[in-house]
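Visitor: Questions regarding the structure given below will be posed in turn.
The values are calculated or read from the model by the stated rules, or taken from the named source; none is laboratory data. Fair warning: this is a prediction, and the values are worked out from it, not measured in the lab. When we count neighbours, we look across all protein chains shown, and the Cβ atoms used for this are built from the backbone with ideal geometry, even at glycine. In case anyone asks, the SASA skips ligands and DNA or RNA and just uses the protein heavy atoms, side chains included. Shrake-Rupley method; radii C 1.70, N 1.55, O 1.52, S 1.80 Å.
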Amino acid sequence: LAASLRSAAAGAGEACAKPSCSGPATLGEFLVAVTDAGVYDRSMRPPCSANLGKDPTVVEVQFRLTQISAINQKNSHITMNGYLRTWWKDERLAFNGTVDGGCFDVLSFGREAMASIWLPDIYIDNLVQQEADGGFMSMVKVYPDGSVMMSEQLLITVKASMNFGRLPFDRHVARIKVASYSRDISELRLVPRGGEVASAASGVGLSAPAITSVVWSFPSDETEDPSDGFETPGKVSVEDGWDYVTLSFEYARKERYFIMNVMIPSLMFLLVSYIAFFVDPTAAPARAALAVIPVLIMRTMSNSVYASFPQGSQRMWLDDFLYTSMILCVGAACQFAVVMWYLQKQKARQANHKGLIQSRKAVSDMWKQADLEDITLWEVLQRYNRVEVTSDDIKKLDEDDAAGKQEDGARELPAAPKPKVSKKARVLAEEGDLNKRLLKQSPHAKENGVEESELTVLRYAHTIFAQFDKDSSGSLGPDEVRRAFAFFDIYKSTGQMAAIMCMFLRDQGMWSPEEELEVKFKFSQFTFLLISIDSFELANAVSGSLAHRFVAWFQAMSPSTMIDTVSRVCFPILMLLQVVVFYAILPLYPSGV
């Protein structure tokens, strides 16, 4: 057993013995050789001969991206992990490979030994922050022909040029811009790995494995096999005599989040505004809530978008989309205000119509009187105009005062104070100037018991009648009557009004024309039809072509109803146009690529 152990130990000793090769057998021997001042001067860049520089040193660079740690959209910063790799050739470091009898084909060493050889002073021009290098590794490999490769592990934050003009369909370019800190192009030329000197784009500037994200899409996602990763060329630019190499890759946003959580909800709240058009405008609180709440929500959504993005003056597609949606919501709120304004106007017109109906007896009496005397209703109405107070009226009033009586022929109101005429008025009457100061009810009004309130409504009806009697013929056609009735909150189409006018004439024992649109009404007929229009509310059937029925349908609407009806049709069209137009103009917005 002892002999066996001695034999095994002897075999192990032979196995661990120094191999039979020429040149440096260990890293220590190699470093001793290159640090000899007579052999290697690390202050001189390669290639060198007798302390004289020859052509510029060509250094290849590449960034091996391993992970995207963070993308800060608000500050336009990107934090990434990876390896910054550089290649160059230093013939002073050449040694014999194993083929030529050397001891090894590649020599690797770490940070401690790197100080023994010349290294290019490469820095990142757009660097914002770099993590302390205590926990990160560096490595240098030297090959027999003097080729050198250095790799440094980095966790860096770089400044990115982000443009959110097409948000959420935006694409961006992440760039790492590297250059030599102390050597211009006369001493050192930078190129991407495998690229050419002074070539705009060549080689492989950046490589990465497959990178996945729920927010962003990377170039590997666009390849046939995403697991293969991706490579992008480097771009060289010469600025003020210095080489700059840009190592970049494109990335795009996955738009689903913004579509599902911003765009579609904004369209849904537009539908809430649209629902308001179907709510009775007299239910003002409910209608106002449906009009105002979407505006506030649109504003909140717009603010939430800017919470993650720079609050600058750049135009963003999504922000413009939300702003247009908010304009539509505000338009819906303004539409409600217009509808309410028309409703108030319609209520005033309804009051005029009710006042005329309450004057039915007075109108009927005056109409009979006009028919009996064969004069117009307006001529009869003129008899009821206010008249001047004369000196005889004042004398009679004085006599009544003396007797403690008031006999003016009008209906007596028990609670009303007795009318008196001042001394100044009596003086004015005696001087003949009373007609400018005092008026009294006409004798006809007293005799027939017609009050001023009834006459006021009739005079207003005549004012409207005269407004549409453009030719001063004293008569109106169906379309003129239709437009005049709108001042009393009565809305009919021209055809409906013509049919109603003819039915009214026949009900009064008069003849009507066969062509209903040729019918004409005098003021008395106009007034009496106003009073009895409720009897013809069922006369709404409209015939004719589709266009004719469409026009008649609109003519028979009140202004507030018409505005709501038009809004119900136009608002969804505007919503559809908004989506179509915004997708059509998307290419017009600035791109980050």
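Visitor: State whether one or more residues within segment 94-107 are within 21 Å of Arg183 (Cα to Cα) and open to solvent by 40 Å² or more (accessible area, probe 1.4 Å). Break it down stepwise before answering.
Guide: From segment 94-107, those within 21 Å of Arg183 (Cα to Cα) are none; that's our starting set.
No, every residue in segment 94-107 fails to be within 21 Å of Arg183 (Cα to Cα) and open to solvent by 40 Å² or more (accessible area, probe 1.4 Å).
Visitor: Oh, and also: Give the residue, chosen from Glu231, Glu222, that is farther than 17 Å from Leu84 by Cα and either open to solvent by less than 40 Å² (accessible area, probe 1.4 Å) or not aromatic (Phe, Trp, Tyr) (or both).
Guide: Values: Glu231 fails: farther than 17 Å from Leu84 by Cα.
Going through Glu231, Glu222 in turn, the sole match is Glu222.
Visitor: Let me ask something else about it. Mind counting the residues in segment 449-466 that are acidic (Asp, Glu) and buried (at least 16 other Cβ atoms within 10 Å of the Cβ)?
Guide: Kept after step one, since they are acidic (Asp, Glu), are these residues of segment 449-466: 451-452, 454.
From what is left, the residues that are buried (at least 16 other Cβ atoms within 10 Å of the Cβ) are 454.
Residues in segment 449-466 being acidic (Asp, Glu) and buried (at least 16 other Cβ atoms within 10 Å of the Cβ): 1 in total.
Visitor: Now, a different point. For residues that are over 22 Å from Phe488 (Cβ atoms) and among the hydroxyl-bearing types (Ser, Thr, Tyr), scanning just segment 545-593, find the one that is farthest from the chain's Cα centre (by Cα).
Guide: Step one: filter segment 545-593 for residues over 22 Å from Phe488 (Cβ atoms), giving 545-550, 566-593.
Next cut, among the hydroxyl-bearing types (Ser, Thr, Tyr) only: 545, 567, 583, 589, 591.
Working: Ser545: 41, Ser567: 20, Tyr583: 13, Tyr589: 14, Ser591: 19 Å.
So the residue we want is Ser545.
Visitor: Consider Ala466 carefully, then state whether it is under 16 Å from Leu377 (Cα atoms) and aliphatic (A, V, I, L, M). Steps first, answer last, please.
Guide: Numbers: under 16 Å from Leu377 (Cα atoms): yes; aliphatic (A, V, I, L, M): yes.
Yes, satisfied.
Visitor: Of everything in segment 482-504 that's free of Cβ contacts under 8 Å to residues at least 60 places away in the same chain and open to solvent by 10 Å² or more (accessible area, probe 1.4 Å), which residue is nearest to Tyr342 (Cα to Cα)?
Guide: Step one: of segment 482-504, the residues free of Cβ contacts under 8 Å to residues at least 60 places away in the same chain are 483-485, 495, 497-504.
Add one more test, that the residue is open to solvent by 10 Å² or more (accessible area, probe 1.4 Å), and what stays is 483, 495, 499, 503.
On the way: Arg483: 16, Gly495: 25, Ala499: 28, Met503: 31 Å.
Out of the qualifying residues, it is Arg483.
Visitor: Considering only segment 34-46, state which residues are modelled with pLDDT under 75 and under 12 Å from Arg92 (Cβ atoms).
Guide: Just the residues of segment 34-46 that are modelled with pLDDT under 75, to begin with: 34-39.
Those that are modelled with pLDDT under 75 and under 12 Å from Arg92 (Cβ atoms): Val34, Thr35, Asp36, Gly38, Val39.
Visitor: Next question. Please go through segment 304-319 and give me each residue that is open to solvent by less than 70 Å² (accessible area, probe 1.4 Å) and within 20 Å of Tyr589 (Cα to Cα), ordered by number.
Guide: Passing the criteria: Val305, Tyr306, Ser308, Phe309, Pro310, Gly312, Gln314, Met316, Trp317, Leu318, Asp319.
Visitor: Could you say which residue among Leu322, Leu377, Leu381 is open to solvent by less than 50 Å² (accessible area, probe 1.4 Å) and either modelled with pLDDT of 90 or more or closer than 27 Å to Asp170 by Cβ (or both)?
Guide: Just a single option satisfies the conditions, and that option is Leu322.
Visitor: Follow-up question, since we're still on this one. Among the listed residues Asp469, Asp479, which satisfies the condition of being more than 19 Å from Gly355 (Cβ to Cβ), open to solvent by less than 50 Å² (accessible area, probe 1.4 Å) and of a type in the set (Asp, Glu)? First the steps, then the outcome.
Guide: Values: Asp479 fails: open to solvent by less than 50 Å² (accessible area, probe 1.4 Å).
Selected residue: Asp469, the only one of Asp469, Asp479 that is more than 19 Å from Gly355 (Cβ to Cβ), open to solvent by less than 50 Å² (accessible area, probe 1.4 Å) and of a type in the set (Asp, Glu).
Visitor: Can you tell me which residue in segment 279-303 is least open to solvent (accessible area, probe 1.4 Å), limited to those that are in contact (Cβ under 8 Å) with a residue 12 or more places away in the chain and polar (S, T, N, Q)? Please lay out each step first, then the result.
Guide: First, pick out the residues of segment 279-303 that are in contact (Cβ under 8 Å) with a residue 12 or more places away in the chain: 281-282, 284, 287-288, 290-295, 297-299, 301-302.
Now drop any that are not polar (S, T, N, Q), which leaves 282, 302.
Details: Thr282: 98, Ser302: 13 Å².
So, considering only residues that are in contact (Cβ under 8 Å) with a residue 12 or more places away in the chain and polar (S, T, N, Q), the one least open to solvent (accessible area, probe 1.4 Å) is Ser302.
Visitor: Continuing with the same structure: Taking the options Gly13, Gly28, name whichever one is at pLDDT 50 or above and assigned to a helix (DSSP H, G or I).
Guide: Numbers: Gly13 fails: at pLDDT 50 or above.
None of the other options fit; the residue is Gly28.
Visitor: If you don't mind, there's one more thing I want to ask. May I ask you to say which residue of Gln346, Gln335 is modelled with pLDDT of 80 or more and under 21 Å from Tyr460 (Cβ atoms)?
Guide: On the way: Gln335 fails: under 21 Å from Tyr460 (Cβ atoms).
The conditions single out Gln346.
Visitor: Considering only residues that are out of contact with any Ser or Thr (no Cβ under 8 Å at 6 or more places or on another chain), open to solvent by 10 Å² or more (accessible area, probe 1.4 Å) and closer than 14 Å to Ala33 by Cβ, which ones fall in segment 110-127?
Guide: Of everything in segment 110-127, just one residue is out of contact with any Ser or Thr (no Cβ under 8 Å at 6 or more places or on another chain), open to solvent by 10 Å² or more (accessible area, probe 1.4 Å) and closer than 14 Å to Ala33 by Cβ, namely Ala113.
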